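**Q** What follows is a structure written as structure tokens; I'll ask about it next.
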Amino acid sequence: MSATDNSLTHAYPVAQRQDALRAQHAALFMPIYESHWRAIIWFILAMALFIYGLMSLGLTFARLYGGIGELGSMVMRMLPPDPGRFNAYLYAMLETLAIALLGTLAAAIVAFPLGFLAARNTTLNRLVQFMARRSFDTLRGVDILIWALIWINVVGLGPFAGVLALFMADLGIFGKLFSEAIEAADDKPVEGVLSTGGTSLASVRFGVLPQLMPVMLSQMLYQFESNTRSASIIGIVGAGGIGLILSEQIRTLELQQMSFVILMILVTVSVIDFFCSKIRFSIIGKRAH
Amino acid sequence: MNSLDLHSAAYAQAVALKRRQLVLGLLVLLVCVLLSGHIAEISYSKFFDNIGAFSSYISRIVHLENGQSVLSDPAEWFWGWKKWLALMGETLLMAYVGTLLGATAALGLCFLASKNVTANTTVVFATRRLLEFSRTVPEMVFALIFVVAFSLGPLPGILALAIHSTGALGKLFAEVVENIDMKPVDGVVSTGGSWLHKVRFAVLPQVASNFASYALLRFEINVRGAAVLGFVGAGGIGQTLLEVIRKFYYADVSALLVMIIATVMLIDALTERVRHKLLGQERNS
């Protein structure tokens, strides 16, 4: 083969060399519409749907152009950020964090026992496991903002509804994640504890929990981060937190104060992310991605 | 003191240290929780007084106005299915267009955010900060602002989804690009290829299937997002959902929720199949 290659590159004139290469690698020299015709059809269909979407949803160039002009002038009016009623914003931000913390924690505490019911290896029977899994799916399928609207009907406007909304959505997420962690737990430490004469309680405490705790804590920290973001928007529908202030500001067009509040959210989210990854680092002992 | 005693003493010390840290951590957490409970106006009496209202709410949304269960008369339950299906279609289309716009923008930006493809560190830094900004601002906040600039309708919703997707996908795409095999890149550069040649012929073939898979994942997320963007007037089924919840049309609430959940599950199942196929293709090639 190397001899052939050699002759290909040196002995023949260019045109002949190309012909020989074409013959050797016929598939590579096929015109693209022959070799990738499926991909091309998919691409055309995708583009057709895209263009249909643009037209049916009213994404015309004129509207886009006008809107971008308006957006540009809005951005100019947002600058510089104005701290306005700083204390009120700070309190709303604290309320946001409080909602996120309580929602996450309450959901984790309730999901812990339920996770065992939804895990294949610790459940009571298959029906219970199936029902638990489907319940978690349903809880997760309903968006946090929808849960917030429902809880506002029950406990009224305010942060409490927000806590309960995060609780519902997180219960679905934790239920799923915890049960997966339980299923992934190794049996051997349990056997080890039992073989040294430990009780079944001891086998859970020293065999299972040490495997689950780091995973669950790190999932809780991730969820807390994500909930900080969610809690900052649920105020838009009236469930407490800084979102309420944001939606008021956009309605009254207090744009300078609004940009300050947005910056405040960004800074808070980054700080929370930073501390959560620190804590996760100290729990797991390595940087988790 | 023999070595066993030394070991057990060291062990006891280590355990005591861990316990102290645990207790301290729990105390800090407890203080935070109590403070949070106060700030978030947690009220057990309100909760337990109204928990009945929650179960009655749930029971009301699964009953028709004549008191029958919704399952007894599906036609009556889904009385507005034509209108709702059209809205659901609009929601899906918003998610699709938003994802495609976002993925295209992310595709353009991700190479500029990858250290191994773009040598200019200033460009890399600036692109990364831009992507970070567009994924940290929640899409609801973008939607709120865009509704004012572009007026009500699906357009602000699509733009909000597109910008958020650009940020989220741009980061993921850049991570994929940073993990590619650099030999093809060296090959193209050594034959005198430009930056564009490098990206097109050395980088893109290695990352295309991963990119498509991430974009599909994002589409899933955007379908959920698009379903609630209507809460701020940014198009899709959310507007109608908000109306029926606020106006207490109980059976409609459950009908719309069932519709949204079913659609989301269907999309999840479909995209998962396509993603498996894509990633399988990559392994085979």
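**Q** Consider only pairs whose beta carbons are under 9 Å apart and that are at least six residues apart or on different chains; among these, list those whose first residue lies in the range B:61-78 and is more than 20 Å from A:L149 (Cβ to Cβ) and whose second residue is assigned to a loop (DSSP other than H, G, I, E, B) and charged (D, E, K, R).
**A** Listed by first residue and then by second, the contacts come to B:L64/B:D73; B:N66/B:D73; B:E76/B:E65.
**Q** Could you list, in sequence order, the residues of the range B:62-73 that are part of a helix (DSSP H, G or I) and either over 20 Å from B:I260 (Cβ atoms) or in the same structural domain as B:A234 (by TED's automatic domain parsing) (or both)?
**A** Within the range B:62-73, B:S72 is the sole residue that qualifies.
**Q** What do you reckon, is A:G162 crowded, with 23+ Cβ neighbours inside 10 Å, at pLDDT 85 or above, closer than 24 Å to B:V141 by Cα and not polar (S, T, N, Q)?
**A** The answer is yes for A:G162.
**Q** Right, something else. So, in the range A:94-112, exactly how many residues are polar (S, T, N, Q) and either facing chain B (nearest Cβ under 9 Å) or farther than 20 Å from A:S270 by Cα (or both)?
**A** So the count comes out to 0.
**Q** Next up: Note down all Cβ pairs under 9 Å where the first residue falls in the range B:182-206 and is closer than 24 Å to B:G280 by Cβ, the second is among the hydroxyl-bearing types (S, T, Y), and they're at least six residues apart or on different chains.
**A** Correct list of pairs: B:V203/B:S114.
**Q** While we're here: Could you look through the range A:256-271, keep only residues that are in contact (Cβ under 8 Å) with a residue 12 or more places away in the chain and facing chain B (nearest Cβ under 9 Å), and pick out the one that is surrounded by the fewest Cβ atoms within 10 Å (Cβ to Cβ)?
**A** A:V269
Condition check ((1) in a helix (DSSP H, G or I); (2) among the acidic types (D, E); (3) surrounded by 15 or more Cβ atoms within 10 Å (Cβ to Cβ); (4) at pLDDT 90 or above) across all residues:
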{"residue": "B:A119", "(1), (2), (3), (4)": "no, no, no, no"}
{"residue": "B:E132", "(1), (2), (3), (4)": "yes, yes, yes, no"}
{"residue": "B:A143", "(1), (2), (3), (4)": "yes, no, yes, yes"}
{"residue": "B:L161", "(1), (2), (3), (4)": "yes, no, yes, yes"}
{"residue": "B:T166", "(1), (2), (3), (4)": "yes, no, yes, yes"}
{"residue": "B:F173", "(1), (2), (3), (4)": "yes, no, yes, yes"}
{"residue": "B:G192", "(1), (2), (3), (4)": "no, no, no, no"}
{"residue": "B:V199", "(1), (2), (3), (4)": "yes, no, yes, no"}
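**Q** So which residues in the range B:36-49 are more than 7 Å from chain A (Cβ to nearest Cβ) and either surrounded by 10 or more Cβ atoms within 10 Å (Cβ to Cβ) or on the phi > 0 side of the Ramachandran plot (or both)?
**A** Result: B:H38, B:D49.
**Q** May I pose another question? Does the range B:267-279 hold any residues that are closer than 20 Å to A:V142 by Cβ and either over 17 Å from the mean Cα position of the chain (by Cα) or of a type in the set (D, E) (or both), and which are they?
**A** B:D268
**Q** I want to confirm something. Restricting to the range B:207-263 and keeping residues that are outside any helix (DSSP H, G or I) and free of Cβ contacts under 8 Å to residues at least 12 places away in the same chain, which single residue is nearest to the other protein chains (Cβ to nearest Cβ)?
**A** The qualifying residue nearest to the other protein chains (Cβ to nearest Cβ) is B:F248.
**Q** Taking B:I237, is it within 21 Å of B:T166 (Cα to Cα) and either crowded, with 16+ Cβ neighbours inside 10 Å or of a type in the set (F, W, Y) (or both)?
**A** Criteria not met by B:I237.
**Q** In addition: I'd like to verify a number: residues in the range A:139-158 that are at the interface with chain B (Cβ under 10 Å from one of its Cβ atoms), in a helix (DSSP H, G or I) and within 21 Å of B:G230 (Cβ to Cβ), how many?
**A** Here the count works out to 11.
**Q** Taking the conditions exactly as written (crowded, with 22+ Cβ neighbours inside 10 Å, more than 9 Å from chain A (Cβ to nearest Cβ) and on the phi < 0 side of the Ramachandran plot), does B:L152 satisfy them or not?
**A** no
**Q** In the range A:239-253, how many are surrounded by 18 or more Cβ atoms within 10 Å (Cβ to Cβ) and either within 22 Å of the chain's Cα centre (by Cα) or assigned to a loop (DSSP other than H, G, I, E, B) (or both)?
**A** Total meeting the criteria: 5.
**Q** Which of the helices (runs of 4 or more DSSP H) found entirely inside the range A:1-58 contain at least 3 residues meeting this: at pLDDT 75 or above and under 21 Å from B:L100 (Cα atoms)?
**A** Of the helices (runs of 4 or more DSSP H) lying wholly inside the range A:1-58, those with at least 3 residues that are at pLDDT 75 or above and under 21 Å from B:L100 (Cα atoms) span A:37-56.
**Q** Which condition from (1) over 17 Å from the mean Cα position of the chain (by Cα); (2) hydroxyl-bearing (S, T, Y); (3) facing another protein chain (nearest Cβ under 9 Å) is the one that A:S232 breaks?
**A** It is condition (1) that A:S232 fails.
**Q** Only one residue in B:L87, B:L29 is in a helix (DSSP H, G or I), in contact with a Gly (Cβ under 8 Å, 6 or more places away or on another chain) and not aromatic (F, W, Y). Which one?
**A** Sole residue among the options that is in a helix (DSSP H, G or I), in contact with a Gly (Cβ under 8 Å, 6 or more places away or on another chain) and not aromatic (F, W, Y): B:L87.
The values are calculated or read from the model by the stated rules, or taken from the named source; none is laboratory data. The structure presented is a predicted model; accordingly, all values stated were derived computationally and were not measured. Note: ideal-geometry Cβ built from the backbone for every residue, glycine included; neighbour counts use all protein chains shown.
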